[in-house]
Each structure stands twice: as C-alpha cells, then as structure tokens.
Amino acid sequence: MSRPLFTVALDFGATSGRVILGQWSDHRLTLNEVHRFPNAFHSLAGHDYWDVATLWHEAQTGLRKAVAALPKNAALSSIGVDCWGVDHALVNDDGRLVFPVHAYRDPRTQPGLKRLAHTRAALDRLYAATGIPNVFYNSSLQLGELVASCPAIEDLATRCLFLPDYFNFLLSGRMENELTIASTSQLLDVHGLDWSRAALDYFRIPAQWFSQPVLAGTKLGRLQREFAATSPALARTQVIAVPGHDTACAYDAMPASPDGNDLFLSSGTWSLVGFESEKPVLGAEAMTARISNERIGDGRYRPLTNVIGLWLLEGTLKDFESRPTNDREWATLITTAEKLPVPAALLDVTDPGFVNPASMRAAIDTHLRKRRLKLPSNLAGYVRLICASLGRGHADAMRAFERMTGKTFRRILIVGGGSKNRLLCQATANEAGIPVVSFALEGTAVGNIASQLISIGAVKNLATFRQHLGNNLEQTVYLPLARKGSVSNN
Ligand code: LFR
C-alpha cells in the first residue's frame, strides 16, 4: 500500500457547510466528514447578510477536528476552499472587511435587475462580453448597487475577494481571485481569462478591485503561522486555490464518460444543469434560456442553467411542523409522496415569487391559485409536486441545450443532496426521457480534493482522477418511465 495522503476540503454551502478530511491511497479517495454546520443569512433593516465570522469559526473548528482525526504522525498535505457563487468581501490592503458581506438573495439588486432587463442593447452587450445572463444575484448587480448607493466604498475598499478567495486569504495571507468563482460574477471576459472592461464600466465598478484570476490548482503558500504553529501536522500544509465555486467542484467530481454525452446535474439548494465544453454557448437564444457560461478550473466552459432546486423543498419544509427530522422519517415521507398520483399540473419553477419568500408554502399556494390549480392537501403532496416540477425544470434545461448545441445527451449524472432523493431522480428521468445515474458522492468535496491532489502531483489530471473515482463508485440508475418509477442498482 502506498503512503496515504491527507487533504482537507472546506466546503461552504448556502444552507450548510462541511469540513471533510480526504485520504488518498492506492488511487482511492476516502472521505471523513469531520464537521458539519448549518448556514443561513440574516436580515437587518431590510437587507440580508452572511455571518462570515461564524463561518470562519466553524472552519477553524473543522480544521482542528480534521487534525485530531489524522492517524498518529500523519500530516495534512493541503487544504482547499469552495463556496457558493457570486458573494464577496470588500477589504482594504490589510485584509480588513470594509463593508458587511451581503447575501445574494438580498432584494437590493431588484431595481438594477429590472432596469437592465428593459435595456435590450446593454443586455446583449453584457451577455456577449461575459456569457452570463441578467440574474438577480450577479456580483455585477450587487457591486453596481453598492457603488451607487455608498460611493465612499471606492475610497475604503482596495480589493474585492469572492468568498473562497477571502477564506484563502485568511488561511494563506495571499489575496488572489480564482477563475471559477470569478466566472460567476458577470464581470469576467467570456473569451479570455481576465476581467471584462465593458462589464466593469457598465456597472461602474473599480477595475483595481480585482487581480487577474489564477487558474484552479494554484498553490497559494503554506498555512499562516497562527494555524501552522498549533500542530506539527499543519507545519507544511499548502493552501491551494481549488475551483472556488462549489458547482465547478461538483462538476469536476462527475465520473463522466469521455464521449461528452453526459448532462450534469449538481442538485442542492440550486439545481445546476449543464455540461463541459471547449467553447461558450452564446447568442440571443442562449441568453433567453438563461445559460451561464461559467468556467472550469483550467479555463474551459461549463454552460449551465440554474433551476431553483431544493430551495423550494427546504423552504416548504420549514412551513410544516410535521417535517422529517431523521433519515427514517425522510424515507417515510418520500414513500408516502411516491404513492400519490402524478400531479395534474406542475409548478413553473422559474416564477420569481419563489426566490426569497417569507413563506415558501404560501408562495406555492399563490402560484397555484393564480393558475386556478388545486392546492396539495398535506406535506407529502407538496413534496410530490415540487419533485415533479423540478424534474420538468431539469428536462427543459436539457432540451434547451440540445436545441442550441445539436448535442444529444445520453445520461444525466446527478450528485449532491438531491441525488439521494429518489422521487426527484425518477421525476427527472421521466421528464427527460433518458436514464438518471445517481452517485453516492459528496460532489463538491470530491472535486475540491481532486484539484488538490492534481496540484500536489499525486494524480496526473482530472481525466485520470475521474477514472479512479468511477472504478470505486456506487451508483443507482433511474430509467425513464411515463407513470411509475423503476430502479436498477448496480
Ligand atoms: C450553488 C451556487 C450556484 C450559484 C448559486 C449562487 O451553491 O454556487 O452555482 O449560481 O450558488 O451563488
């Protein structure tokens, strides 16, 4: 047996975070989730903010637990951070936060979003320049609003670090912008590896806040002394700028077939439906279909569509006292929902009313009433309706890609929380008419660690990593059926 290598993935999600210790030996990755913590944004006077200090505290707790979980005399080779997209920290040269960190669902971008939606020429120009459509959470809209409403920010801030960049700075002392997370901003040039002057100018965002993005896998240096000094296991730990965007990590973890005919679905708070490509998908139809040409860590493209995802389900569960609290209750709920008839009509999951409602159940009821549709009578009914509607949303995104690229997808690979939800997997297979292959895989953490292993030279490249990963993975295949679900395990 070769000497095992140990790495840590700090994986921040919008509703929960994880610290995962990875062990790589004999071409096999074993994950140990040493720490998991809830995350949520909070409102103050009508605005939404992340509690970044708490996130950092949790990361440190997780790192300590990871060290404690190492075998005797083992050391941690490297650490990498991934996070949800678009949100950012504005700092001065010393790295001090000069503005609270907003959460992307904050309604402050709504006026800018609407203004831009009605300015066709600017919309076209920005999409051609950045490959990112006009969506309420874009960093461009967020930063544009901030500069307009608090002009003094231009004197206070010297750098804009996206959240993984900021955590990388706290770990390593080095300020860099990493490419995949930069590509979520609507400020990166879709044809190059640098910022888009046209987009920065349009939103009046200071160009000097950003540095040319580094590719994923860049070594940022050793862990800062304050950590390194706490344990010999951390004395030589490298901080690696892995794909900072969690979706880029999840996509990297897909054990995709090399023929390029797999559609990817990273299913969590959002459903990210897309594929890997040498070139971006641009033009009027792509913009209308809300295709985001985000980047892979090496600079290639991941054209994808954001479907609202399990946010719908997570929100609805909050409205029911009877929501499940453990795996057994979950299984019962899904089984009950499965037995219900196929819903006569589905939700239009693109309804903006679902973005940040005070009550998701009320938002769904309003949506159904507007369309004179019957409301579900219990939680199982909502679950059935939501999963079926998301399945339709996934299939619609797939068809738009097929229309625009001439591709025909053969399978949908699903990772993330939703991959364990058989109702969702089956609904997606039924609506898309192709098999859905679900992997028992913590996609974001695996992609994060893959980038570290490649960077430190333990694995040759992503294709090799995927091959090793695929050899050891459990998968469940959901075959498309018009009415009833069928599952085959292998
Ligand atoms: C998923 C994700 C999506 C991004 C959304 C907002 O966690 O990163 O890819 O569009 O969060 O940042």
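No value in this document is a laboratory result; all are computed from the given coordinates. All of these numbers come straight from a predicted model, not from anything done at the bench. Every residue, glycine as well, gets a Cβ built from its backbone with ideal geometry; the counts of neighbours run over all protein chains shown.
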TODO: For K339, list the lysines whose Cα falls under 20 Å from its own Cα; do not include residues on the same chain fewer than 8 positions away.
DONE: K374, K420, K484
Open item on the list: Quick check: the distance between the Cα centres of the stretch 54-104 and the stretch 323-361, to the nearest angstrom?
Closed with: 33 Å
Task: Amide hydrogen neighbours beyond the local backbone of G17, cut-off 5 Å, H modeled - done: F37, N39
Task: Helical contribution to [θ] at 222 nm, DSSP H n ≥ 4, -39,500 (n - 2.57), averaged over the chain, rounded to 500 - done: -11000 deg cm²/dmol
Task: Spin-label model distance (nm) - T366 vs A45, 7 Å beyond Cα toward Cβ - done: 2.6 nm
Task: Qualifying lysines (Cα of each under 24 Å from Cα of K370; at least 8 residues distant if same chain) - done: K114, K318
TODO: Could you size up the charge dipole of the stretch 322-452 around its Cα centre, putting +1 on the beta carbon of Lys and Arg and -1 on that of Asp and Glu, and report it in debye to the nearest 20?
DONE: 360 debye
Task: Under Karplus coefficients 6.51, -1.76 and 1.60, residue-wise ³J(HN,Hα) of the stretch 247-261 in Hz, glycine/proline x - done: 5, 4, 5, 4, 5, 4, 7, 6, x, 6, 6, x, 6, x, 9
TODO: Give me the number: length gained by fully extending D194 to R28, i.e. 0.36 nm times residue separation minus the C-alpha to C-alpha distance, one decimal in nm.
DONE: 56.2 nm
- [ ] Just subtract the alpha-carbon distance of L375 and D94 from 0.36 nm times their residue separation and send over the number in nm, one decimal.
- [x] 95.7 nm
- [ ] Taking amide H positions as placed in the peptide plane 1.01 Å from N, state which residues far from A89 in sequence (5 or more) or on other chains have amide H under 5 Å from it.
- [x] L161, F162, L163
Task: Amide proton proximity set for R222, modelled H, under 5 Å, gap of 5+ - done: V239
Open item on the list: Please compute the volume of the convex hull spanned by the alpha-carbon atoms of the stretch 267-331 and report it per residue in Å³.
Closed with: 111 Å³
Task: Antiparallel bridge percentage (DSSP; both residues within the stretch 163-275; nearest 5) - done: 90 percent
- [ ] Report the semi-axes of the equivalent ellipsoid for the stretch 309-422 in whole Å, largest first, where each axis is √(5λ) for an eigenvalue λ of the Cα gyration tensor.
- [x] 25, 19, 13
- [ ] Enumerate the calculated ³J(HN,Hα) couplings along the stretch 6-16 in order (Karplus 6.51 cos²θ - 1.76 cosθ + 1.60, θ = phi - 60°), each rounded to whole Hz, writing x wherever the residue is Gly or Pro.
- [x] 10, 9, 10, 10, 9, 10, 9, x, 5, 10, 7
- [ ] Give me the percent of DSSP beta bridges within the chain that run antiparallel, rounded to the nearest 5.
- [x] 75 percent
Task: For the stretch 1-54: span of alpha carbons on each principal axis (Å, largest first) - done: 58, 15, 14
TODO: Please express the shape of the stretch 198-285 as an equivalent ellipsoid: the semi-axes are the square roots of 5 times the eigenvalues of the C-alpha gyration tensor, given largest first in whole angstrom.
DONE: 32, 24, 12
Task: In sequence order, calculated HN-Hα J values of the stretch 150-156 (Karplus, 6.51, -1.76, 1.60; Hz; x Gly/Pro) - done: 10, x, 4, 4, 5, 7, 7
Open item on the list: Kirkwood hydrodynamic radius, the stretch 144-203, all distinct C-alpha pairs: what's the number in Å?
Closed with: 12.8 Å
TODO: Using a Förster distance of 25 angstrom, determine the FRET efficiency expected from the C-beta separation of F37 and D327, and round it to 0.05.
DONE: 0.85
TODO: Evaluate Rg over Rh across the chain, taking Cα atoms for both radii and Kirkwood's formula for Rh.
DONE: 0.95
